[in-house]
Amino acid sequence: MPISGLVVTFQSSVAEHADSIDQIADLPEVEVGESAGSKLAIVVDSATKRRDQEIWNAVYQLPGVIDLAVAMVAFDEDAETKP
Amino acid sequence: MMDTKRRNFLKSAAMAAAGSMVAGNMSLPVVQADQGVSDLPDGDGLSWNKAPCRFCGTGCHVQVGVEDGRVVAIAGDKAADVNKGLLCVKGYHVGGILYGKDRLTQPLLRKDGRLTEIEWDEAIEIIAKRIFDSPETFAFYGSGQWTIPEGYAAQKFMKGGLSNNHIDPNARLCMASAVTGFLATYGVDEPAGCYQDLDECDVLILWGNNPAEMHPVLFSRVTDRRSRGETVRIIDIGTRRTRTTDAANDYLEMKPHGDVAISLGIMHLLIENDNYDKSFVEKHCNFRGDEADTPTLSGEPISEDEFRKRIAKYTPERVEELSGVPADEIRMLADLFADRDIRITSLWCMGMNQHTMGTAINSLVHGVHLLSGHFGRPGDAPTSLTGQPSACGTVREVGTLSHALPGGRVIANPEHREQCEGFWNVRDGSINEVPGYHTVEMFERFTKPTAEGGDITTMLVQVTNPGQTLPNLNALFNDKKGLEDKFLIVSDVYPTATTALADLILPAAMWVEKNGMFGNSERRTQQWFKMVDPPGEARDDCWMTIAIARKLFEMGHEGMKDKDGDFIFAVKDDDGQEIPIWEFDRYYDTNVDKHLFEEYRLFTRMKHKNLAPYEEYVKARGLRWPVVEQEDGSWRETRFRFSGFDDPFVEEGQEFDFYHSTSNDGRAQIWFHEYQPPPEVPDDEYPMWLCTGRVLEHWHTGTMTRRLAPLNRAMPTAYVEMHLEDAKAANIRQGEVVTIESRRGVCDLPVWIDGRGRPPRGTVFVPFFDESKLINNVTLEAYDPFSKQPDYKKCAVRVVKKSAAKVSS
Ligand code: SF4
C-alpha cells in the first residue's frame, strides 16, 4: 500500500495543460498539490503496488507530460516477488 | 498495514517533499546533512539516512527511511547536487530490492549435483584450501557494483597477497573502451567535465546513447531546462529510435560503426573549411595516429599535415556512404562544432564502448571536441556515462582490472609496482609483473579443460552475473566436458544464471545492509552507513575477502603477511591490539571501510585523483575528485579538470594544462583512426543486424528489478523489437514467438513490432535483462584490441518463425 509524492513535469507551463491536470485530479487515489512553471506536485495513495504502477503509467502517458519523478515513497511490509 | 493516522502523516510528508521540489527549492548546496531530511517525517520510530541509489552510474542520492530494522520509505535527497531531491522509477523502488522472497541466506555447496546448506566456516575453509593449493590458477571476478572498499580489498588480496593479477570486473564489458579513449587522449582516465555541462550546453549530442531510459534523472536535467523556456538542441545519433529520440530535435540514423565515419567527417570539414579552433589546437594539442605495424594505445605522433592528408578522404559524401547519415547532416554537425559561440556537450555510454573500434571512436569524439575547441568551458565537454553505480569509483579509480593498480598506476611499470608494494608494506617483488587475464580470456580459460590450456581452475565471482552477461555464452558454458577439476564460487543476493552454474554459493549483504562507498560517472565519491541487518547468514563481500585472506594467513601463506609479519588487512585498536575483523560478529567493531579507504587514499595522490579523508564524505553528498585541502582546512572538489579556472593542479595564469599528457608536453592528443567495418555484417544467410541493450524498468540482468512486482509487471519478459515491414515480409505477427539465430546460438522471443524502441528495417533489438531468454547465446565475442571490451551492439542474425527454426533455445 504505497504512498508516494511525485513531481510531474510538462513540456511547457502547467497552465497550458489543464486537460491533463483534470485527468490526474479525476484519479481517486491522487491528490494534486502545488504547481509552479512546468511542474506539478501530486500524492498517490493507492491500495496496491499494482494500482500504484497503473497510476504512474497513466500519468506518464498523458499529453504534455515529459517526465515523472519521485520525491518520496513509503511502503508497507509486503515482501517483494521472485521472477 | 498502516493505520489512518500514519497514512495521513506520510501523505502530508510526501506532499511536502514533492511540493518543495515544485516550489523551486532545487538548488541547495551540497554539504549540509540536515537539508536532505528537513521535510521528511521523523516520528513514530522512523529515521532517515543518506545513501547513493543502488542502480545506475548517475549516482542520485536517496534518503532511506528505516523503522524497526526495515527500510520502509525512500525519498530523493534534496541536498544532493546530482538529483536535487528527485528519483526515477528505479530509484522509487530501490528500497524493495532488499525484500525479494528468494534472498540467499545460507552458504550452499553443490554435492553430487545438489545444493546443500553449509556453515560459513566450512565455506571459507573450502575456498582458502583451493587457493592455497594452487594460488596461480585462482581468478577473482568482480564488478562496478563492488563498493570502493570491497574492490580495494579484493585488489590488495590478489595483487599484493597472492601475487596474482587475474582479477577483472564486469565493467570490462561496459566501459573499458571509455578508459582507453581517455588514456589515449589525455593520458589519464575519466571525464574532465561534470553534470553541470548538461545545465549549460546549447547543444547536446547523444552518440548511440539513450539517457531518457538509462540515466533518466540526468536526462531530465536537460528536458527541465527546455520546460523552463531555455533552448537546448538535442541531437540523437543512433541505430534505432528510442524515448530519447522523442525528445530530440534531430535524429540521425546511422549504420553500425557509422559513428566512426561521422566523427571523421566532422573533423574533415573543420579542417577543409579552415574553421577549427587554431589557437586551441596550437597551444594545447598534438596529432597522433596508429603505428603501421603493431598499433598500441600510445600510437605515434603525426604532423598536422599528415593528419590533413589522412582525413581528406572522409568527405561528407563518403561518410554518408559509410554511415547512412546524409551528407548535409554531417555538414550541419560540422557547422555546429565550427561555432565557438555555442557550447556543445557529447554524451555516450554503451553504444560507443561496446564496439570493436571502441577505443578509436572514444578517441575520435574527444578529437572532434579538441579540434573545434569545444572543451573545458562549462557546457563544452566530451563525456562518457557509466551504467553501474561504481564503475568509476571501484573499477577505474581503484584499478580492479587485470593490468592496473590503484590510483591510475599500472602493473607493467616497475616503478608503479614498487610504489604500490611500499604503500601495502608487502615484500619487494610481491606484485607479479605480468598482467592477468581480461574478462573474456579469464572465462575462456576457466571453461576450457585444464589439460588443453585452461589454466584457471578456481574462480570467485562477487556482485555480478557473468552467466548472463558474457558474450557467446554457448561457447563458454553449454555442453562442456572435462571440467571436473574446475570450481566456481559465486557470492550474490539472489539466485541468478551464474549461481545456477556455481559449485559454492555465498549469500551476500547488499546496499544499506552494509557500509559502502561508490564513485559515480562525474568523479563523485559517495559514502553511506549500514542501516539494516542482512537476512539470515548473508554477509558483506568485503568481509568474505578478508576472511579468506585470514584463513590463508593461518594456513601459512606468506603473501598474507606484510613485511612486519602482520596480517595484510590487520586493523588495530587504540591499544595496538588487533581487532579480529575476520570474525563476522566482530567485523563492525570498527569501520573497516574507513580503514581501507584511508589506506587507498594514499594512492589517489599519485595521479591527481586526490580524495579527501573518509569523514568528509560522511558529511557530503559526494565530492568530485581531485579534492584538495584548502588553507582554512576545508576540502574543495573539482568540477572541471585541466581548466585553469577550476582545476587546482593547473598553474595559475594557465588556461589549460593536460598535465598527464602522453607526449609529456601538457597537450592532449587528437587521434586519427581509419574507419573499419564491423567484425560481422549481415549476409544472405544471416541478413539482419542484432543490437542488444537495456530497458527503463530493469537494471542490467534484472536480478534486483525483476523481484520488484510493479517493475516486473510493467516489463515481464524480454522481446525482440522489429520493424513493421520486416515483420510483414516474414509473415510475423505482433506477439508471435520467433527464434533469433546467429552463427553462435539461438534465442526464442516474442516480437514487439514498432514498440517502445523502433529499429529501422533490417535491424532487431533485444534487451538482455531476462535470464529465461539469454540473448548472449547469440551475441559475438569479438572485442576491441586495446580495451578488450566485447561488442554487444552488432552482429548478424536471422529471425525465424518457430515452425521453421532448426533448434529451440
Ligand atoms: S537515475 Fe539512476 S541513480 Fe538516479 S534514481 Fe534512477 S536508477 Fe537511481
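In region B:85-116, the qualifying residues are those that are more than 10 Å from every other protein chain (Cβ to nearest Cβ) and open to solvent by 40 Å² or more (accessible area, probe 1.4 Å), and the one that is nearest to residue B:702 (Cα to Cα) is B:105. Within the bounds of region A:12-20, is there any residue that is in contact (Cβ under 8 Å) with a residue 12 or more places away in the chain and within 7 Å of another protein chain (Cβ to nearest Cβ)? Yes, region A:12-20 has at least one match.
Do we have any residue at all in region A:2-9 that's open to solvent by less than 20 Å² (accessible area, probe 1.4 Å), more than 7 Å from every other protein chain (Cβ to nearest Cβ), modelled with pLDDT of 90 or more and in a strand (DSSP E or B)?
The answer is yes, given that some residue of region A:2-9 is open to solvent by less than 20 Å² (accessible area, probe 1.4 Å), more than 7 Å from every other protein chain (Cβ to nearest Cβ), modelled with pLDDT of 90 or more and in a strand (DSSP E or B).
When B:603, B:597, B:649 are checked against the criterion of being assigned to a loop (DSSP other than H, G, I, E, B) and not assigned by TED's automatic domain parsing to the domain that holds residue B:794, B:649 stands alone in meeting it. State whether the residues of region B:717-727 include one that is closer than 29 Å to residue B:171 by Cα, touching an Asp or Glu at 6+ places or on another chain (Cβ under 9 Å) and within 14 Å of chain A (Cβ to nearest Cβ). Checked region B:717-727: at least one residue is closer than 29 Å to residue B:171 by Cα, touching an Asp or Glu at 6+ places or on another chain (Cβ under 9 Å) and within 14 Å of chain A (Cβ to nearest Cβ).
Whether a residue is under 23 Å from residue B:148 (Cα atoms) and of a type in the set (A, V, I, L, M) was assessed, and residue B:560 passes this test. Only one entry in B:221, B:243 is touching a Leu at 6+ places or on another chain (Cβ under 9 Å), outside the structural domain of residue B:692 (by TED's automatic domain parsing) and at pLDDT below 90, namely B:243.
Within region B:699-716, the set of residues being within 10 Å of another protein chain (Cβ to nearest Cβ) and of a type outside the set (D, E, K, R) comprises B:702, B:703, B:704, B:705, B:708, B:709, B:710, B:711, B:712, B:714, B:716. Listed here are the strands (runs of 3 or more DSSP E) enclosed by region B:484-577 that have at least 3 residues being within 24 Å of residue B:458 (Cβ to Cβ) and away from chain A (no Cβ under 14 Å): B:487-492, B:504-507. Could you tell me whether any residue of region B:672-686 is part of a helix (DSSP H, G or I) and over 26 Å from residue B:263 (Cα atoms)? Taking every residue of region B:672-686 in turn, none turns out to be part of a helix (DSSP H, G or I) and over 26 Å from residue B:263 (Cα atoms).
The residues listed here are B:655, B:583, B:629, B:615; of these, the one that is farther than 30 Å from residue B:288 by Cα, open to solvent by 10 Å² or more (accessible area, probe 1.4 Å) and touching a strand residue (DSSP E or B) at 6+ places or on another chain (Cβ under 8 Å) is B:629. Does residue B:235 satisfy the condition of being open to solvent by less than 30 Å² (accessible area, probe 1.4 Å) and touching a Ser or Thr at 6+ places or on another chain (Cβ under 9 Å)? For residue B:235, the condition - open to solvent by less than 30 Å² (accessible area, probe 1.4 Å) and touching a Ser or Thr at 6+ places or on another chain (Cβ under 9 Å) - is not met.
This table checks each residue for (1) free of Cβ contacts under 8 Å to residues at least 24 places away in the same chain; (2) within 9 Å of the ligand (Cβ to nearest atom); (3) touching a Ser or Thr at 6+ places or on another chain (Cβ under 7 Å).
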residue: B:49; (1), (2), (3): no, no, no
residue: B:55; (1), (2), (3): no, yes, no
residue: B:74; (1), (2), (3): yes, no, no
residue: B:95; (1), (2), (3): no, no, no
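No other residue among B:502, B:451 is more than 18 Å from residue B:164 (Cα to Cα), open to solvent by 10 Å² or more (accessible area, probe 1.4 Å) and among the hydrophobic types (A, V, I, L, M, F, W, C) apart from B:451. Among the residues of region B:131-147, not a single one is under 29 Å from residue B:532 (Cβ atoms), open to solvent by 30 Å² or more (accessible area, probe 1.4 Å) and more than 16 Å from the ligand (Cβ to nearest atom). Residues in region B:181-208 that are of a type in the set (S, T, N, Q) and open to solvent by less than 10 Å² (accessible area, probe 1.4 Å): B:185 only. Any idea which residue in region B:613-626 is farthest from residue B:551 (Cα to Cα), counting only those that are assigned to a loop (DSSP other than H, G, I, E, B) and free of Cβ contacts under 8 Å to residues at least 24 places away in the same chain? By that ranking, first place goes to B:626.
The values are calculated or read from the model by the stated rules, or taken from the named source; none is laboratory data. Since we're looking at a predicted model, the values are computed, not measured. With ideal geometry, Cβ positions are generated from the backbone for all residues, glycine too; neighbour counts draw on all protein chains shown. Accessible surface is based on the protein model in full, side chains and every heavy atom, while ligands, DNA and RNA are left aside. Shrake-Rupley method; radii C 1.70, N 1.55, O 1.52, S 1.80 Å.
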